[in-house]
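Here's the structure, in structure tokens; my notes come after.
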Amino acid sequence: MRIDLSSPEQSFQNTKGTGKRELSPLLQIYLYDIADKPHIQEVIKKERLYSWNIPLYFGETEEYFIVTSPSYVNHGVFTEEAKETIHPMWNVLRQHIENKGDKTVEQLAQPNN
């Protein structure tokens, strides 16, 4: 199951130079049954080697194993402005979805300042 979380009342500059000049914060996450966790982890491992759309472990609950990708976070834009706009939404999710594994995904939403 895919869930798209957005904040249309906010925006940041699209530094990719394609499409709209301003974009709204967006986070797409994919939820898989927690029983499928070992299989999904293997897929993530393999796709890191071959995929342009690298899947990343986001977190998990008792029922779900959750995956995202850099291209699914803020349309693939990672400027400080983009990170600032998604950071509040990300923090709310973290109150409900714990990251029990690879923490590198946190860099996609953590401003440096």
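The values are calculated or read from the model by the stated rules, or taken from the named source; none is laboratory data. All of these numbers come straight from a predicted model, not from anything done at the bench. All Cβ positions, glycine included, derive from the backbone under ideal geometry; neighbour counts span all protein chains shown.
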Being of a type in the set (S, T, N, Q), assigned to a loop (DSSP other than H, G, I, E, B) and either under 13 Å from the mean Cα position of the chain (by Cα) or under 19 Å from Ile3 (Cβ atoms) (or both) narrows Gln110, Gln28 down to just Gln110
What's the total number of residues in the stretch 4-25 that are of a type in the set (Asp, Glu) and either part of a loop (DSSP other than H, G, I, E, B) or closer than 19 Å to Trp90 by Cβ (or both)? 2
Kindly list, by first and then second residue, each pair from a residue in the stretch 92-113 that is in contact (Cβ under 8 Å) with a residue 24 or more places away in the chain to a residue that is part of a loop (DSSP other than H, G, I, E, B) and of a type in the set (A, V, I, L, M, F, W, C), limited to pairs with Cβ atoms under 7 Å and residues at least 6 apart or on different chains. Leu108/Phe78
Restricting to the stretch 59-87, give me the number of residues that are over 12 Å from Gln28 (Cβ atoms), touching a residue at least 40 places away in the same chain (Cβ under 8 Å) and in a helix (DSSP H, G or I). 4
Do we have Glu42 as of a type in the set (D, E, K, R), farther than 14 Å from Gly76 by Cα and modelled with pLDDT of 90 or more here? yes
Taking only pairs six or more apart or across chains, which ones have beta-carbon atoms under 8 Å, a first residue in the stretch 46-58 that is on the phi < 0 side of the Ramachandran plot and part of a loop (DSSP other than H, G, I, E, B), and a second residue that is buried (at least 16 other Cβ atoms within 10 Å of the Cβ) and β-branched (Val, Ile, Thr)? Pro55/Ile44; Pro55/Val67; Pro55/Thr68
